[in-house]
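Asker: First the structure, which I've put down as structure tokens, then a few questions once you've had a look.
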Amino acid sequence: MEDLPLLSPSNTSISSETPSSTSTLSQELQSHRPDSQKVVVPHLCVCSVRTLTSHISCLAVHDNLLYAASGEDINVYDLTTHTHIDTFTNNNPTSGSVKSISFHKGKIFTAHQDSKIRVWRITAAKRHRLVSTLPTVKDFLRRSILPKNYVRVRRHKKRLWIEHNDAVSGLAMANSFMYSVSWDKSLKIWRTSDLCCVESVKAHDDAVNAVAVSAAGTVYTAAADGCIRVWERAGGGEGRTHTLITTLEKHKSTVNALALSSDGSPLFSGGCDRWILVWEREDSANANHMAATQALVGHRGPVLCLITVNEMLISGSSDQTVRIWRPTVDRRYYCALVLEGHVKPVKSLAAVSSGDSSYDAVSICSGSLDGEIKVWEVSATALNAKS
């Protein structure tokens, strides 16, 4: 496949909104409205890439490579040179769009509309080769012998419990496990060493849209039922069973996205109600209790994607914008910058920092339903100066 065209870079800066974008969700949520100020935050739109298909469904960054899912195809770009280096697909026209991409020890995991998870390896020539489809044939045959391994998925249909039976909407990696969620309402846990499914949980009463996992192994799932559920391993050990710890209910409609800060707290959630909620554990007798402490308001349409990098929270919305949120010294988040330029909803985000410091430059990639990817470079130093 020929390299996709790169548009001319544009060097721009915009006046960011005043940091008053945190509003009260209810009397339970604290409001934070610092004095109004206008600060110009410089940023550079390094390039724009338009794919050959109609929309971008998923973005992910690994080893300075940008993976962009567009329909059934996954395009790979070098973020240093901004050039296209590979396109790979499973050559199955029924697989549908790619919903999520994750990485673990040299393997690339992709979640698909056809309820499958596919595993790829990158060759020395930077080409991608399909090595497995989950559940694996070995796992499938081993489980299919016993009738007890089948569960009812429809009135007259049964499937193995290790199989998703609807689109796989999200993937997350933690330690030696992969976590997958699906529109079939389930959460499944896979061992990355042998790619076997070790557990399946009915997680929600409606389609599950997102999953996030902390380094400690706490699992968060978000769904169309408007709930976020928190799961932990029973006994905190390496046992198979995950137990529901608590259910978080503040969103007024479907929850589309989750993100965790680098240290696992706070948790951020974005939904069709246009809110981004900030969840934190409370110091109380119930160590598992979490409360929504802030509602970040500013998007004019549903929040579709969230990521964190350094100390920034980045959100994309159907209002065609990307917003960058920063914490103040007292950990109250405000909107520091709005990136505009897409002409359709921003469906996916990815970011990479030039270092681990909150003062390093950040490259932000935004993918839209207009089929365009924009790569932005934002001055983290300017954002820090503003906060």
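Asker: Ranked highest first by average number of other Cβ atoms within 10 Å, how do 89-97, 297-305, 265-273 line up?
Answerer: Values: 89-97: 14.3, 297-305: 20.8, 265-273: 22.4.
Averaged packing, sorted descending, gives the order 265-273, 297-305, 89-97.
Asker: Can you give me the distance in nm between label points at ARG300 and HIS62, each placed 7 Å from the Cα along the Cα-to-Cβ direction?
Answerer: Modelled inter-label distance: 3.8 nm.
Asker: Residue by residue through the range 106-121, which ³J(HN,Hα) values in whole Hz follow from phi under the Karplus form 6.51 cos²θ - 1.76 cosθ + 1.60 (θ = phi - 60°), with glycine and proline marked x?
Answerer: These are the phi-based 3J(HN,Hα) values: x, 9, 10, 10, 10, 9, 10, 4, 7, 6, 9, 10, 10, 10, 10, 10 Hz.
Asker: Around ALA350, under 13 Å between beta carbons, what's the net of Lys plus Arg minus Asp minus Glu among the other residues? Walk me through the numbers before you get to the answer.
Answerer: Details: positive: LYS347, LYS374; negative: ASP63.
After counting each charged neighbour, the total is +1.
Asker: Right, something else. Go through the range 129-177 and name the trypsin sites (Lys or Arg not before Pro) that are in a DSSP coil and have 10 or fewer other Cβ atoms within 10 Å of their Cβ.
Answerer: Values: sites: ARG129, LYS138, ARG142, ARG143, LYS148, ARG152, ARG154, ARG155, LYS157, LYS158, ARG159; in loops: ARG155.
Sparse-neighbourhood loop trypsin sites (Lys or Arg not before Pro): ARG155.
Asker: Moving on to the next point. Quick check for you: which residues of the range 189-206 have the amide N under 19 Å from the point 7 Å beyond the Cα of ARG152 toward its beta carbon?
Answerer: 201-206
Asker: Once you put a point 7 Å from the Cα of VAL343 and another 7 Å from the Cα of ASP205, both along the Cβ direction, what distance in nm separates them?
Answerer: About 4.3 nm, to one decimal.
Asker: Could you sort the peptides 208-220, 72-84 by per-residue average Cβ neighbour count (10 Å cutoff), highest mean leading? Before the final figure, lay out each step's value.
Answerer: Working: 208-220: 20.8, 72-84: 17.5.
Output ranking for 208-220, 72-84: 208-220, 72-84.
Asker: Quick one: net charge around SER48, please, counting Lys, Arg +1 and Asp, Glu -1 for every other residue with C-beta under 9 Å from its C-beta. Please list the in-between numbers first.
Answerer: Details: positive: ARG50, LYS374; negative: GLU372.
Here the charged neighbours net out to +1.
Asker: With a 1.4 Å probe and all protein chains left in place, how much accessible area per residue does the range 144-276 have, in Å²? Walk me through the numbers on the way to the answer.
Answerer: Numbers: 5630 Å² over 133 residues.
Heavy-atom accessible area per residue stands at 42 Å².
Asker: Right, another one. Out of the GluC sites (Glu not before Pro) in the range 153-244, which ones are loop residues according to DSSP with at most 11 other C-beta atoms within 10 Å? Walk me through the numbers before you get to the answer.
Answerer: Values: sites: GLU163, GLU199, GLU232, GLU238; in loops: GLU163, GLU238.
Taking the range 153-244 and a limit of 11 other Cβ atoms within 10 Å, the loop GluC sites (Glu not before Pro) found are GLU238.
Asker: Expected output is a single nm value to one decimal: the length gained when fully extending between SER253 and VAL329, i.e. 0.36 nm times separation in residues minus the C-alpha distance. What is it? Intermediate values should be presented prior to the final figure.
Answerer: Values: separation 76, 0.36 × 76 = 27.36 nm, distance 3.13 nm.
Full extension from SER253 to VAL329 adds 24.2 nm.
Asker: For the range 299-363 and the range 48-126, what is the centre-to-centre distance using only Cα atoms, to the nearest Å?
Answerer: Comparing the Cα centres of the range 299-363 and the range 48-126, I get a distance of 22 Å.
Asker: Could I ask something else about it? What net charge do the residues around VAL375 carry, taking every other residue with its C-beta under 13 Å from that of VAL375, with Lys and Arg at +1 and Asp and Glu at -1?
Answerer: Neighbourhood net charge equals -1.
Asker: State the percentage of accessible surface on the range 57-172 attributable to carbon and sulfur atoms; use a 1.4 Å probe and exclude ligands, DNA and RNA.
Answerer: On the way: 2840 of 5510 Å².
Heavy-atom surface of the range 57-172 belonging to carbon and sulfur, 1.4 Å probe: 51 percent.
Asker: Round to a whole number: what % of the accessible area of the range 189-345 belongs to carbon and sulfur, probe 1.4 Å?
Answerer: On the way: 2740 of 5840 Å².
Roughly 47 percent of what the probe reaches on the range 189-345 is carbon or sulfur.
Asker: Once you have the Cα-Cα distance between VAL137 and VAL198, take 0.36 nm times their residue separation minus that, and quote the gain in nm to one decimal. Don't jump to the answer; show the numbers that get you there.
Answerer: Details: separation 61, 0.36 × 61 = 21.96 nm, distance 1.50 nm.
The span from VAL137 to VAL198 would gain 20.5 nm if fully extended.
The values are calculated or read from the model by the stated rules, or taken from the named source; none is laboratory data. Here the structure is a predicted model, which is why all the values come from computation and not from measurement. Reconstructed Cβ throughout: ideal geometry from the backbone, glycine too, with neighbour counts over all protein chains shown. Quick note on the areas: whole protein, heavy atoms, side chains included, nothing else; ligands and nucleic acids left out. Shrake-Rupley method; radii C 1.70, N 1.55, O 1.52, S 1.80 Å.
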